1. Could you pull out which residues in the stretch 14-48 have an amide N less than 20 Å from a spot 7 Å beyond the Cα of Thr66, following the Cα-Cβ vector?
2. Given labels modelled 7 Å from the Cα in the Cβ direction, how far is it in nm from Asn45 to Cys147?
3. Sum -39500 (n - 2.57) across every DSSP H segment of at least 4 residues in the chain, then divide by the residue count to get the 222 nm mean residue ellipticity, nearest 500.
4. Distance in nm between label sites at Arg179 and Glu128, each 7 Å beyond Cα in the beta-carbon direction?
5. Measure nothing but the geometry: give the 0 to 90° angle between the long axis through the Cα atoms of 185-195 and the longest principal axis through the Cα atoms of the chain, rounded to 10°.
6. For the stretch 1-41 and the stretch 107-142, what is the separation of their C-alpha centers, rounded to whole Å?
7. Output the pairs from Lys27/Lys189; Lys27/Lys173; Lys114/Lys155; Lys114/Lys173 with a Cα-Cα distance over 28 Å in this structure; if there are none, say none.
8. With everything on Cα atoms, drop me the angle between helix 3-19 and the longest principal axis of the chain, reported from 0 to 90° to the nearest 10.
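Here, each number is a calculation from the coordinates, and none is a lab measurement. Everything numeric in this text was worked out from a predicted model, so none of it was measured. FYI the Cβ positions are ideal-geometry reconstructions off the backbone, even for glycines, and counts take in every protein chain you see.
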Amino acid sequence: MNTVQEEIAATAARMVVEEGLEYGLAKRRAVKQLGLNARAQMPNNDQVEDAVREYLHLFCADTQPTELAALRELAAVWMARMATFRPYIGGAVWRGTATALSDIYLQLFCDDSKSAEISLIDHNVRYEVSTVQGFQGEAVDALSILCNCPGLDQKVLVHLMIYDLDDLRGALKPDGQGRTQRGDLAALKRLIKDFE
């Protein structure tokens, strides 16, 4: 990684941790803040994640582990609630870089794309519907729920991203570095147990 990419990654990492920004937006804002040309060579997400981990280690080592544990506990509750829809967790909560400003991303693999929404309605859960980019670049529906996170004593957004059951096969492939991009409830519980 060249010096400009390192500078963008470090600045983006600070924004991810301190402001809760997603990687793409943080990189664009970092370029602007650093006064660089919009065509500057951007770091990839792995490079930004490495910078986030370094930032967390240097500046948040006393608070971030507790915040991550609280988010993982809340994610486990929602995964158990939505067990019928084969939930998997991804994003910062799965990867271990989440802070109190992070959202929880759960991916549901449904026989019927409306069944998860009907389940929320049946349980009087308020949610917002949006369309987001899925893990294969496709547009998917996301059901976003603002709920209380007891371990943080604050509200947290839980996003339920709706996929077809057939998408589950491609979801379990590791990334280029052999890391899993998501895990089921059993895998999350192992992370929680190993973290204690």
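1. 17-20
2. With each label placed 7 Å out from Cα toward Cβ, I get 2.4 nm.
3. -14000 deg cm²/dmol
4. Label at Arg179, label at Glu128, 2.8 nm between them.
5. Once rounded, the angle reads 50 degrees.
6. 31 Å
7. Lys27/Lys189
8. In the chain, helix 3-19 runs at an angle near 40 degrees to the longest axis.
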